[in-house]
Each structure stands twice: as structure tokens, then as C-alpha cells.
Amino acid sequence: MADSAAVAGLLWDHWLPGHVRELVARPLPGGEADGRRLVVWLAGVHDIGKATPAFACQVDALADRMRGVGLAMPYRREMGADRRVAPHGLAGQLLLQEWLEERHGWAWRATGQFAVVIGGHHGAPPDEGQVHALDSHPEMLRTPGASEGLWRQVQEELLDANADASGAGERLADWRRVKLPQTVQVLLSALVIVADWIASNTDLFPYAGADEGDRSGAGRVAAAWRGLDLPEPWRPVEPVGTAAELFAARFDLPTGARPRPVQEAAVRMAREMPRPGLLIVEAPMGEGKTEAALAAAEVLAARCGAGGVFFALPTMATGNAMFPRLLDWLDHLPAQDGTRLSVLLAHSKSALNTDFAALRARSWQRVVAVDADGDADLPSAGSTAPRAPAELVAHQWLNGRKKGMLSSFVVGTIDQLLFAGLKSRHLALRHLAVAGKVVVIDEAHAYDTYMNSYLDRVLGWLGAYGVPVVVLSATLPPDRRRELAAAYAGASAEGEQYAVLARVDAYPLLTAVAPECPPVQEAPGGSGRSSTVQVEGLADDLGTLADRLAIELADGGCVLVVRNTVSRVLETAKALRDRFGEGTEVTVAHARFLDLDRAANDARLLELFGPPAPGRVRPARHIVVASQVAEQSLDVDFDLLVTDLAPVDLVLQRMGRLHRHPRPGRPERLRVPRCLLTGVDWAVEPPAPVRGSERVYGRYPLLRSLAALLPVLSSTGDDANRVVRLPEDIPALVRQAYDAGGQVPQAWAEAVGEAQDAHQRARADQERRAGTFRIGEVSAAGRSLVGWVAGSVGDADDTPAGRAQVRDGQESLEVIVIQRLADGSLATVGWIGEGRGGLPLPQHAVPTAEAAKAAAACGLRLPLQLSHPKIIDHVVAEIEQFYVPAWQVKESYWLAGELILPIDADCQTRLAGFVLNYSRTLGLEVVREK
């Protein structure tokens with residue numbers, strides 16, 4: 001326990017961000033000095049529950065030695081199942097509570113808020129039932145009879161010694177009047193877990209033999225800390241000068257460029273908030289919200305002592321796109337001499353990302369104790385001489401689903417943030433990970449009721465921690481703005497102070513919510529970038545679409561066709577290829593490609609349709625048929641948009657891909673931005689969205705979207721007055737589509753009313769189901785964490801099953817696709833570049849690391865029709881028939897435990913009554929066997 005205490009002190013001194021230290025210290029009368037004492041003391045006593053008969057009886061040889069000195073205890077087999085009521089964490093919690101009450105005069109109620117840290121050090125605080133069960137078995141803590149007093153003496157001596165060694169003993173009289181906020185209890189629990197894990201690492205703290213007496217005390221701890229070599233937290237200094245100077249220093253702006261008004265306002269509001277808090281940035285697509293968020297994050301971090309940034313995005317693809325941008329920003333940050341900053345890409349396939357893989361390779365180090373050659377000094381704070389950039393590392397120890405988020409700078413999917421609201425083991429570590437950072441939430445409009453339920457609960461905890469949060473959106477509904485602000489403030493969204501936030505129609509708009517202060521809003525004005533989009537209805541008929549595109553592309557041009565389902569993407573692409581032949585290239589983009597192919601598709605989209613750049617040649621005539629992957633975070637630019645009807649905010653996002661960059665050479669017919677709206681049967685009243693769109697979005701949001709667009713919808717495309725002005729019309733359209741009082745045509749009223757009733761029932765059901773495993777709100781200071789994660793889901797991780805806990809919908813299956821060759825042997829799929837295609841995958845040995853990694857890069861998410869509850873067991877059973885024992889060993893890191901789907905040389909296989917065809921150009925097609 002002494003090692004854990006020493007490590008806890010080092011974590012406090014050298015690793016914890018200043019904001020976390022201040023949070024822990026705030027309720028303590030002695031400030032940060034008390035905070036350090038408390039952390040060290042709790043880490044020192046965390047295993048006191050091992051000094052009990054229930055634990056000590058497990059190894060007969062050691063237990064017999066204890067019996068020999070008078071510590072009587074039954075043998076393990078004699079205790080039987082009753083031992084289960086006394087896990088050593090819970091036993092330690094009750095022993096510490098008893099010691100505080102009986103030896104130091106604490107009220108029993110006051111003891112729980114401190115001792116629960118001991119009870120939860122293996123990942124979950126106990127619940128009331130567990131506490132009661134152990135209370136009913138006092139013999140698990142001390143053997144009744146003659147030795148009971150000796151057991152008590154040993155336990156009290158250990159607790160006394162730890163209190164004296166940590167300096168806590170002299171502070172207990174003052175602490176007994178303290179009411180620890182639940183946020184502080186969580187952080188203390190996480191710190192004790194981290195200290196315990198480090199001190200339990202035998203590479204850092206090898207077991208000392210009888211002749212290794214020198215491997216103890218300060219020298220042992222110094223060697224371990226030196227070997228661990230954790231990067232210290234970011235220590236930002238608030239940047240001085242104008243916003244223009246800050247942007248010029250942090251971002252590679254073109255010569256003469258200045259920050260846009262939204263960016264300047266974000267920096268100004270971050271500087272002027274009474275205390276760092278929530279900043280909501282609503283601005284058009286392409287307005288530089290990402291750079292505004294990073295600049296604001298630097299200011300907010302410096303003001304509050306945050307030690308890093310977590311950038312949360314909707315998908316792995318958007319996370320991958322953001323990661324190099326974060327690295328570039330970090331390379332522009334000033335740093336003290338010798339600074340190392342830990343960085344992580346947080347999603348389940350990050351190891352396949354080339355930027356992150358390269359960073360990990362450069363950063364690899366063995367975590368093992370390093371002797372100091374006679375010098376046992378611990379590290380100092382380092383030089384204060386500024387330099388740039390810092391060394392970026394993907395640290396070996398800060399890896400995995402439980403520790404990775406503790407890295408200082410993290411780009412990840414929104415799931416990683418939502419997990420902080422999920423009852424799960426080691427939840428305290430996720431809270432410690434975000435409590436010391438600035439959190440940026442991108443595309444905040446993209447989440448449904450189920451996910452927003454978790455997000456709002458997490459925001460409440462972030463507000464209680466005082467974590468600065470920056471929320472970004474181009475199309476945020478006004479009521480959602482109000483809900484986000486109220487959730488962060490821990491207030492009712494119905495109160496007038498927050499209700500007023502939803503009444504503002506200005507755009508762009510920034511909303512600031514500082515702790516314990518009224519919210520403030522500012523409308524900085526636009527940058528002057530604007531466009532006028534003509535919107536026209538188009539019949540949902542592939543022949544009609546092909547005829548229209550033939551006319552529009554007569555002189556060339558690049559068209560984006562967005563469909564709401566992959567099946568519509570594929571049928572549309574096939575029809576257009578048949579119609580246009582070789583004269584017009586038709587490509588597809590959707591999520592049903594192998595991971596490696598999808599990344600290549602995204603890269604090609606950016607290369608062909610991204611911002612103008614030297615050497616970049618835009619196709620003369622090209623059609624891209626895409627699913628929703630084209631909506632988010634891809635800086636692509638098309639001459640004409642065809643889109644299925646979707647919720648209005650997503651339609652506007654899709655319009656943001658129209659004429660995104662100045663291009664003087666656009667074909668004459670396509671020099672005016674136009675959007676053709678389809679996916680609707682226009683012949684009925686009200687117009688009927690296609691079934692696939694209704695399955696994805698629901699009928700009610702689609703009808704409300706259509707009603708909002710109706711006034712600007714031209715039947716011919718010739719009415720120049722019926723247009724969407726971007727960005728000016730965004731707030732009005734979003735309000736019309738989402739406000740409860742939004743108008744719909746009288747003839748639609750009955751159908752919309754029925755759809756609304758169904759929609760409200762579905763939302764209520766989502767909210768109810770989300771509440772099952774969602775943690776509670778922050779309770780009053782002094783109330784212990786007992787029962788905090790009662791009924792938890794166990795471990796939460798970024799797998800399909802893990803993500804399904806914080807996202808509503810069926811759990812999809814993910815497989816790794818390999819090829820079975822004509823001779824029956826297995827290999828990686830043949831078309832992978834860089835010499836990785838066709839590498840052999842032997843079935844009686846572990847494949848080479850190169851081949852296994854190449855195979856793992858060919859992950860594929862199967863469509864939901866193969867995850868339907870009626871057939872999923874059959875699907876999994878068929879996939880698991882292909883099982884290679886040689887691949888299930890530790891050395892087979894990339895393939896062990898994965899579902900493997902072999903396809904034949906023609907890229908085809910059969911599965912559970914379906915035929916699966918894969919092609920590099922179309923992705924996965926699934927058809928039912930005849």
C-alpha cells in the first residue's frame with residue numbers, strides 16, 4: 001500500500017491537470033495541501049480490506065502463518081459462499097468507516113463520502129444491498145472469539161500508520177465537517193484506481209527478493225516513475241494579442257487572411273466569460289467552426305487549468321478526418337522546453353489509421369522500472385523556456401479502453417463522451433479523463449433523443465466539474481440550444497432564463513453559459529460568404545432522374561446524389577451507369593465498404609472535389625451517388641445536388657456541399673446552385689416520403705421538413721424568387737421544422753397529427769430506455785457514491801455492442817473479410833495496395849503481422865437486415881463455423897476473437913439465406929437467395 005500512496009503523490013505533483021487538483025482541493029479547509037494528503041492517504045489505505053479473514057484465508061500457507069501469531073480464521077472451504085459478500089474493497093470501506101467513527105469521532109453519515117473511494121477501487125462503488133449483506137456477516141471482517149480483538153488491533157495499526165505517513169492523521173478532525181461533492185468522490189476514486197494499477201505493475205514494481213532490500217522506499221518508487229515516463233499535462237498560457245494574431249500563429253492561413261467574425265467572437269467570448277463554461281457556436285458550413293473551437297479551447301484551458309482537449313465527432317470517419325488537423329494544431333502550440341504531450345485517436349479501429357499508427361510507432365517504449373544510477377531524485381517541473389512544438393506521443397501505458405482517454409489530447413467518436421453517462425465499471429476513469437480537459441462536441445445537431453438523453457446527463461456532470469465545453473453546429477434547432485444550455489447549468493430548460501435562448505433567430509449565433517451566471521448570446525454577423533440555392537421537386541423515378549441529369553450535364557459538371565439508404569444508393573448508381581456508359585463516371589460512397597476501401601473512397605472524394613489546390617484536376621463530368629457519409633465533415637464541392645428528402649437540418653447540410661468554393665470554370669447551366677429534392681411521391685396529399693427514408697428518420701420529421709421547404713420549393717426550377725438563401729434562411733427553416741407551433745398545410749393536418757403522435761411515443765420510449773442504464777444527476781455534496789452505478793452494464797467499450805448501449809438501434813455485426821482462393825487456401829483480399837493484397841493467411845499457424853494487419857484493415861459492417869432479431873443467431877452461427885484455432889492466441893493480436901467472413905475469388909459468399917456480393921466500386925450488396 002506504501003507504493004500506491006507514493007505513486008498517488010507523484011500523480012498529484014506531476015500528472016494531474018491543475019483544474020482537477022483545484023476541484024479536489026476546493027471543499028477541503030487546507031486547499032491543495034489537503035488535497036494531496038487526502039489522495040495519498042486514500043491510496044495508502046485502499047487495500048485495508050485484505051486484512052480480514054475473508055481475504056486472508058485464500059492461500060493456506062500464508063494464512064497458517066497468520067494463525068500462528070493468533071489471527072484465527074476458518075479455512076477458505078469452511079467459509080464457503082459467504083465469502084462473496086466481503087470483496088476486499090467493500091470490506092475496506094466498512095473498516096475505514098468504523099475507524100473514522102470510533103477512533104476519530106466522525107458521524108457515520110460523514111464517513112461514507114470518503115470511504116466509498118475504497119469500496120469502489122475495483123471499478124464500481126458498492127450498492128446499498130451489498131453494504132447491508134456484509135453488515136449481516138461481521139465474521140468476514142474479524143473472526144469472533146479470542147482473536148477478534150487482535151484482528152481489530154492489526155487493522156487499526158495499519159490505518160493509524162497510513163494516516164501518520166500521509167499526514168492525514170492531523171487533518172481528520174477538520175475533515176469530518178467537510179461535505180465532499182460527488183464530483184470529488186469520483187475523481188478521488190479514479191486517482192486511487194490509477195495509483196493502484198501503476199503500483200501493481202510488476203514491470204515497474206518487481207517483487208523484491210530477500211537479497212533486494214535496496215529495491216524499496218524512495219529508490220524503488222523513483223525507478224518505477226522514471227520507467228513509466230508519463231507525459232505531464234498540457235500547461236497552456238492564455239494567448240495575448242488579437243484574435244487575428246492568435247489565428248495566424250496557430251493555423252496556416254493564406255496570406256492576408258483574417259479570422260471570420262464567428263471566429264473572433266468565439267475567442268472574445270472565451271476570454272470574457274466570468275468563468276469558463278459552455279460555448280455554443282452556431283455558424284454556416286465552411287465558416288471555420290473547427291478552428292474557432294480550437295482557439296477558444298486554448299483560451300478556456302489556460303483560464304481554468306485544463307490539461308488537454310477532447311474533440312468528439314459523430315463517426316469514425318469524421319474522427320479520422322479530424323485527427324491530422326488536431327496534430328497540426330498541436331504542432332503550432334507554444335510549449336516549454338522538453339514538453340511531451342500524450343495524444344490518442346479514440347475509436348475501435350484507430351490502430352488502422354495511418355497517422356495514429358505512425359505516432360504509436362514513433363512513441364513506443366517499454367514500460368519498466370529504470371534505476372537512477374545512484375540518483376533517486378524525482379523529476380522536477382522542467383524548464384520554463386518556451387519553444388514549439390512539443391513532442392507528441394501515443395504513450396504505451398495510456399492505451400486501451402479504460403486508460404486511453406486519460407491521454408491529454410483525444411479525438412474520438414461521440415460514444416466516448418456518452419460512455420461517461422453510462423452505468424459501467426471503471427466509470428470514474430472516464431470522468432477523470434474528461435474532468436481535466438476542454439470538451440469540443442462537433443455536429444451537435446446529429447444526435448437523436450436516445451443519444452441526447454445521455455449527452456444532456458453528461459453535460460450536467462461536466463458543468464458540475466467546471467469543464468469548459470464548446471458545442472458546434474450549423475443547424476441546431478432553437479429548443480435544442482436551450483436544452484444544452486440548461487443541461488450544462490444543471491437547471492430546468494423550462495425556466496425563463498433558458499427559455500429565452502430559444503427565441504433568438506440571429507445567425508451566426510454564439511451562446512455562452514458561465515457557471516452561476518445568466519447565459520449571454522452574441523450575433524457576430526456573417527463573413528459575407530453566401531449563396532442562393534434554387535430548390536425544385538423531382539419525381540422519385542430513376543428514368544426521370546437519368547433524363548434530368550443528361551440535360552444538366554450536357555456541357556459537363558459534377559453532381560452529388562444523396563440517398564437515405566444504401567440500397568437506394570446502389571440501385572441509383574447501377575441505373576445511372578447503364579444510362580451514361582463510359583462518357584460519365586459514376587462512383588458511389590457509403591458505409592458498406594471495407595474499412596480500407598472506404599478510407600480510399602473518402603480520400604478520392606477529397607482529391608477530386610475538394611478545395612482548389614495546385615495540381616488538383618476536377619473531373620469534366622462526374623456523378624457521385626452517396627449515402628449520408630457525404631453530409632458531415634467532408635470539404636467537397638459539387639455543381640448540382642440531388643437529395644432524398646431528409647430532416648431539414650440535414651438537407652441544409654447537404655446543400656452546404658453545393659458551390660462550396662469559388663470556381664470560375666463551372667458549366668454555364670450549373671453556375672447557379674440548385675438542389676433537386678426527391679425521395680417523395682408528389683402525387684398524393686400530403687406528399688409521401690419513400691419507405692426507406694421513413695425507416696431511417698421517421699414520418700413526422702420528414703413531413704415537417706417538407707412543410708418548411710414548401711414555400712421555397714419550385715415545381716419547375718424557373719422561379720428565381722423561390723430559393724433558399726444560405727446562410728440567412730437556416731435559422732428560420734430549422735425553427736419552422738422543429739418548433740412545436742410550426743405551420744403545416746391545412747390539408748396535411750390529420751396525417752401530420754397522426755405522425756406526430758407516433759413520433760412522440762417513440763421519443764418517450766427512447767427516453768425511457770435510455771434511463772435504464774444512465775447515471776443519475778449530480779447529488780448534493782456529502783452524499784456518498786454508494787449505488788452510483790447499481791445495475792450497470794459491466795464494461796463499456798467502443799465495440800458494436802458497446803456503442804449500442806448509447807445509440808438507439810439494432811446492434812450491427814462487424815466482420816473481417818478475407819478471400820478463399822481456388823486451391824482452398826486463404827489470403828488477404830487481392831486489391832489492397834502497397835503489396836498487402838493476396839498475402840497468405842495460414843490456417844495452422846499465426847499469420848505474419850503484416851498479413852494479419854492487412855486483413856484487419858478489411859473490416860466490414862454487415863447491413864441491419866442480417867442483424868434482425870429473427871435471424872441474427874443463425875447469421876452468427878454460420879459465421880462462427882469458420883473458426884481458426886491458430887488465430888485465437890495472444891500472438892495473433894489483429895485476428896483473435898474476430899468474426900471472419902471468407903469470400904470466394906469472385907468476391908461472393910452465402911450467409912443465412914442471403915447472397916453477399918462485394919465489389920471495389922459498389923461495396924457490399926445483399927440479396928435474398930432464390
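The values are calculated or read from the model by the stated rules, or taken from the named source; none is laboratory data. Remember, it's a predicted structure, so these values are computed and weren't measured experimentally. Heads up, the Cβs are rebuilt from the backbone with ideal geometry, glycines too, and the neighbour counts pull from every protein chain shown. In case anyone asks, the SASA skips ligands and DNA or RNA and just uses the protein heavy atoms, side chains included. Shrake-Rupley method; radii C 1.70, N 1.55, O 1.52, S 1.80 Å.
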Self-check item: Scope segment 665-681; condition in a loop (DSSP other than H, G, I, E, B) and surrounded by 17 or more Cβ atoms within 10 Å (Cβ to Cβ); matching residues
Solution: ARG666, PRO667, VAL672, PRO673, GLY679
Exercise. Identify the single condition in (1) touching a residue at least 24 places away in the same chain (Cβ under 8 Å); (2) under 26 Å from ARG563 (Cβ atoms) that VAL684 does not satisfy, given that it satisfies every other one.
Key: (1)
Self-check item: Which listed residue is assigned to a strand (DSSP E or B), among the acidic types (Asp, Glu) and touching a residue at least 40 places away in the same chain (Cβ under 8 Å), from GLU925, GLU891
Solution: GLU925
Exercise. Give ARG260, ARG250, ARG226 a once-over and let me know the one that is touching a helix residue (DSSP H, G or I) at 6+ places or on another chain (Cβ under 7 Å), touching a residue at least 40 places away in the same chain (Cβ under 8 Å) and among the basic types (Lys, Arg).
Key: ARG250
Quiz item: Which residue pairs have Cβ atoms under 8 Å apart, sit 6 or more places apart or on different chains, and have a first residue in segment 732-747 that is in contact (Cβ under 8 Å) with a residue 12 or more places away in the chain and of a type outside the set (Phe, Trp, Tyr) and a second that is open to solvent by 30 Å² or more (accessible area, probe 1.4 Å) and not in a helix (DSSP H, G or I)?
Solution: ALA732/ASP505; ARG735/ASP505; GLN736/GLN743; ALA747/GLU685
Practice problem: Can you confirm whether segment 451-465 contains a residue that is open to solvent by 20 Å² or more (accessible area, probe 1.4 Å), closer than 26 Å to THR318 by Cα, in contact (Cβ under 8 Å) with a residue 40 or more places away in the chain and of a type in the set (Asp, Glu)? | Solution: no
Quiz item: Considering segment 569-594 alone, what residues qualify as being charged (D, E, K, R) and either in a loop (DSSP other than H, G, I, E, B) or on the phi > 0 side of the Ramachandran plot (or both)?
Solution: ARG592
Practice problem: Tell me, please, whether a residue that is in a loop (DSSP other than H, G, I, E, B), at pLDDT 85 or above, of a type in the set (Ser, Thr, Tyr) and crowded, with 20+ Cβ neighbours inside 10 Å can be found in segment 420-428. | Solution: yes
Quiz item: Do we have ASP331 as open to solvent by 50 Å² or more (accessible area, probe 1.4 Å) and in contact with a Ser or Thr (Cβ under 6 Å, 6 or more places away or on another chain) here?
Solution: no
Practice problem: All but one of (1) under 26 Å from TYR447 (Cβ atoms); (2) surrounded by 18 or more Cβ atoms within 10 Å (Cβ to Cβ) hold for PRO324, so report the exception by its number. | Solution: (2)
Quiz item: MET79 passes all but one of (1) open to solvent by less than 20 Å² (accessible area, probe 1.4 Å); (2) at pLDDT 95 or above; which number fails?
Solution: (2)
Quiz item: Which residue out of ARG548, ARG568 is at pLDDT 95 or above, basic (Lys, Arg) and crowded, with 21+ Cβ neighbours inside 10 Å?
Solution: ARG568
Quiz item: Of the residues that make up segment 110-128, is at least one without any contact (Cβ under 8 Å) to a residue 12 or more places away in the chain and either open to solvent by less than 20 Å² (accessible area, probe 1.4 Å) or assigned to a helix (DSSP H, G or I) (or both)?
Solution: no
Exercise. Could you check how many residues of segment 490-514 are open to solvent by 30 Å² or more (accessible area, probe 1.4 Å) and at pLDDT 95 or above?
Key: 0
Quiz item: When you go through ALA485, ALA512, ALA489 one by one, which is the residue that is within 20 Å of VAL734 (Cβ to Cβ) and under 26 Å from the mean Cα position of the chain (by Cα)?
Solution: ALA485
